[in-house]
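Chemist: Attaching a single structure in structure tokens format; questions to follow.
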Amino acid sequence: MTRIVALTGGIGSGKSTVARMLRERGATLIDADAIVHELQAPGSPVLGELAEAFGAQILDASGALDRAALGRIVFGDDAARGRLNAIMHPKVGVEFAARLARATDAGDALVVLDIPLLFESRRAGGRGASAMDFEAILLVYVPAEVQIERQMARDGCDRAEALRRIEAQMPIEEKKDLADFVIDNTGNLEETELQVERVYDRLLGPER
């Protein structure tokens, strides 16, 4: 039997690191961000739809999506973010469902649905991948202050910009209360690995 779980987090929480650890242990990962990037490839119908909705300023000189420019439009603007979600969520959901069906048909033991804005999407009505059925929600957690510090180090943004991005999402402490499993990624990689191993064992149980 295939077990299906959702993986989520917040900006700067290290969700990609945990996703990699789960995949290394044998989980099948279906990554919402990767699907989004594929759908928004240069020349794609989706990219054309985005340019029509938000203007040519979201395209770079080569015609590819300028994600930083799009981010400046949608972060802090609920209406703009709603337009973006209305375009992307249904399309991502269709592709998610197709990949999940293939994994289930193949008899994969554990499928992890990597959905960055799982709780936010469910709060907004649960469209696309967030509306799928899964057995548990895994949250990668770090305190908000660590989110800020990691964003500033990773993206080279200032504190105000990092805070603005965080405030566009549900507070990480609220997500923590809603998750079935919490992986605290505040410490070092070894500490995170141990938590991932424990969660992986619990998810597969006697099937391991």
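The values are calculated or read from the model by the stated rules, or taken from the named source; none is laboratory data. As the structure is a prediction and not an experimental result, all values here were calculated from the model. A quick note on method: Cβ atoms are made from the backbone with ideal geometry, for glycine too, and the neighbour counts reach across all protein chains shown.
Chemist: Please work out if R81 is of a type in the set (K, R) and closer than 25 Å to K176 by Cβ.
Modeler: Taking the combined requirement at face value, the residue satisfies it.
Chemist: Is one or more of the residues making up the range 167-178 within 18 Å of R3 (Cβ to Cβ) and in contact with a helix residue (DSSP H, G or I) (Cβ under 6 Å, 6 or more places away or on another chain)?
Modeler: No, the range 167-178 has no match at all.
Chemist: I've got another one for you. Residue check: is A41 among the aliphatic types (A, V, I, L, M) and outside any loop (DSSP other than H, G, I, E, B)?
Modeler: Judged against the criteria, A41 is not a match.
Chemist: When you check A103 against the structure, is it in contact with a strand residue (DSSP E or B) (Cβ under 9 Å, 6 or more places away or on another chain), surrounded by 17 or more Cβ atoms within 10 Å (Cβ to Cβ), modelled with pLDDT of 90 or more and farther than 14 Å from K15 by Cα, yes or no?
Modeler: yes
Chemist: Are any of the residues in the range 100-110 part of a helix (DSSP H, G or I) and in contact with a helix residue (DSSP H, G or I) (Cβ under 7 Å, 6 or more places away or on another chain)?
Modeler: Within the range 100-110 (the criterion being part of a helix (DSSP H, G or I) and in contact with a helix residue (DSSP H, G or I) (Cβ under 7 Å, 6 or more places away or on another chain)), the answer is no, since none of the residues qualifies.
Chemist: Which residue pairs have Cβ atoms under 6 Å apart, sit 6 or more places apart or on different chains, and have a first residue in the range 172-187 that is more than 20 Å from F134 (Cα to Cα) and a second that is in a strand (DSSP E or B)?
Modeler: D184/Y141; N185/V140
Chemist: Here's a check for you: in the range 1-22, which residue that is touching a residue at least 12 places away in the same chain (Cβ under 8 Å) and of a type in the set (K, R) is nearest to D66 (Cα to Cα)?
Modeler: This residue is K15.
Chemist: Additional query: Can you name the condition, by its number, that A51 falls short on among (1) in contact with a strand residue (DSSP E or B) (Cβ under 8 Å, 6 or more places away or on another chain); (2) assigned to a loop (DSSP other than H, G, I, E, B); (3) surrounded by fewer than 17 Cβ atoms within 10 Å (Cβ to Cβ); (4) on the phi < 0 side of the Ramachandran plot?
Modeler: Unmet condition: (2).
Chemist: Which residue pairs have Cβ atoms closer than 7 Å, lie 6 or more positions apart in sequence or on different chains, and pair a first residue in the range 72-98 that is at pLDDT 85 or above with a second residue that is of a type in the set (D, E)?
Modeler: Short answer, once both residue conditions are applied: I87/E49.
So that you can scan it fast, the table gives a plain yes or no per residue for (1) basic (K, R); (2) within 17 Å of the chain's Cα centre (by Cα); (3) at pLDDT below 90; (4) over 21 Å from R23 (Cβ atoms):
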residue	(1), (2), (3), (4)
L110	no, no, no, no
L113	no, yes, no, no
L117	no, yes, yes, no
S121	no, yes, yes, yes
G128	no, yes, yes, yes
Y141	no, yes, no, no
V146	no, no, no, yes
A168	no, yes, yes, yes
P171	no, yes, no, yes
